Amino acid sequence: MSASKNDRKFKHLISIDELSKDDILYILDRAAEFEDVAKGKKVSKVLEGRILANLFFEPSTRTRMSFEAAMKRLGGCVINMTDTEISSVAKGESLADTIRVVSNYVDVIVLRHPLEGAAKFASENSKVPIINAGDGAGQHPTQTLLDLYTIQKESRLDGCRIALMGDLKYSRTVHSLIRALTLFRTKIYLVSPPMLRLPDDFIDDLSGDIQEAELEDIIEEIDVLYVTRIQKERFPDEEEYRKVSGSYIITSKTLERARESLIIMHPLPRVNEIGTDVDRLRFARYFEQAFYGVPIRMAILFELLK
Amino acid sequence: MKDKDCFKQDRKHLVISKIRSGTVIDHIPPGMALLVLKILGISPGSKEAVSMAMNVPSSKMGKKDIVKVEGKFISDEELNRISLIAPEATINLVEDFEITRKFAVELPEVVEKIISCPNQNCISNSKEPINSRFKIFVVGKKVTAKCDYCGKKITNLEEYI
């Protein structure tokens, strides 16, 4: 690949909606090329001399570490904003000023912020590429890309029958993933408690083969079961939460009728949605999924910085 | 008195007198005239003289509002913002009591600083140095605005202007 700036396909990565199907497949192909480097089997220096800044205004472990691992595996350096520095920002400096300052120090900024649209706003104030690592309930495009990569690697993307289960109302991971999946020839089943259904206005905007279902009715058919956490704070009282969450737990018994080739995914961290007895079954792919975050982020960093 | 010069009423009609030069905005949906002035940035502190009629009979719309702004030629870009709440509005530009240009408003593709995002968690509602920005399109027959920052869509635009 050429190192010329003129070859740069992407300027920032703010939302999965700005990527076409071809763009997505292009990034997944690049990620596959980086997988051996991500595993430490090959050494790469393609981003040597480049610096990434992690600006996380909300806590994150795996996303931040995975970006750090991706950058370092490609020979680049990483600087992090510490908790103390974030609190000093919270005391008064605007995000716009923070971005203007930091974009003079580094070559790329990874931003997680509690406000929706923060990454887009940051991109308008930055001299260097911004990667959205989650903005409130908004977008988290690198999670979506690694989800798609996992489906492509471990199952099949085209023609996939996937069930999305759990909190479909508030989960930004699910919202972004559904929009991306509709670009492919997929059949999407929505499995959730009534109060955590996918919002109607969201469904109205989608085109594709999407329907609500009970897991027991479709478990024999699906290729992918994507499980998300049901958060306690979404429920008016704890008893209601216990009643609902209990019926959305995957155990080895739930999977007795599943296809041999079924894969189970979860964006992690999990609480109790997937029993630990499932971890040793052939279906479990959530730890592989977490690893795939590294080659995907390597591909994104490379494309933004080459 | 000036008021009497502006508004003449006989038994059948309420008539707003002609303006010498400026902009006439006709075919505004009834009740929206004040919002039109707000969109155009005309407030009690502005220097322009404004005459306005609300809920007047209209063969085309049943009832309508009319706004006349004396001494101000409003740009097409500003006028097109009116289409957000008055898609059928027509504009007459007047010089020396004569209409020099007549046209219908067109939906702008993007509007800034006009609509407030209803999503309180949107960055455009924060203390950042930021202007709201909405992309405008039509779904079915409804004018829809989508926040360029958080993606929130609204159709009841008049509530957020």
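Summary table
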read-out	value
Dipole of the stretch A:46-127 [Lys/Arg +1, Asp/Glu -1 at C-beta], most positive-end residue of A:F57, A:I79, A:L95	A:I79
Difference of contour (0.36 nm per residue) and Cα-Cα distance, B:K38 to B:S21	4.0 nm
The protein assembly as shown: C-alpha gyration tensor shape, a/c 1.5 cut-off, then a/b vs b/c	prolate
Approximate spin-label separation A:T276-A:I51, in nm, with each point projected 7 Å along Cα-to-Cβ	4.3 nm
Tensor-based shape of chain B (alpha-carbon gyration tensor, a/c under 1.5 rounded, otherwise prolate or oblate)	prolate
Distance violations [Cα-Cα > 21 Å] among A:K306/B:K135; A:K153/A:K232; B:K18/B:K64; B:K18/B:K72	A:K306/B:K135; A:K153/A:K232
Rounded FRET efficiency, nearest 0.05, which uses the C-beta distance separating A:E256 from A:K232 and R0 of 30 Å	0.55
0 to 90° range, to nearest 10: angle between helix A:286-305 axis and chain A longest Cα axis	30 degrees
Test item: Cα-centred dipole of the protein assembly as shown, Lys/Arg +1 and Asp/Glu -1 on Cβ, debye	800 debye
Calculated FRET value between A:I218 and A:K42, using beta carbons and R₀ = 45 Å, to 0.05	0.65
Length-normalised contact order of chain A in % [C-alpha pairs under 8 Å, at least 6 apart]	22 percent
Protection proxy ranking, peptides B:124-137, A:65-78, average beta carbon neighbours within 10 Å, highest first	A:65-78, B:124-137
Relative contact order, percent, the stretch A:39-144 [alpha-carbon distance under 8 Å, six or more residues apart]	27 percent
Fully extended contour minus Cα-Cα distance, from B:S116 to B:T100, at 0.36 nm per residue	2.3 nm
Neighbouring partner chain Cβ atoms per residue of A:118-124, average, 10 Å criterion	5
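Every number in this text was worked out from the coordinates using simple rules, so none of it is lab data. Model, not experiment: these values are computed from the prediction. Neighbour counts are summed over all protein chains in view; Cβ atoms, including those assigned to glycine, are modelled from backbone coordinates with ideal geometry.
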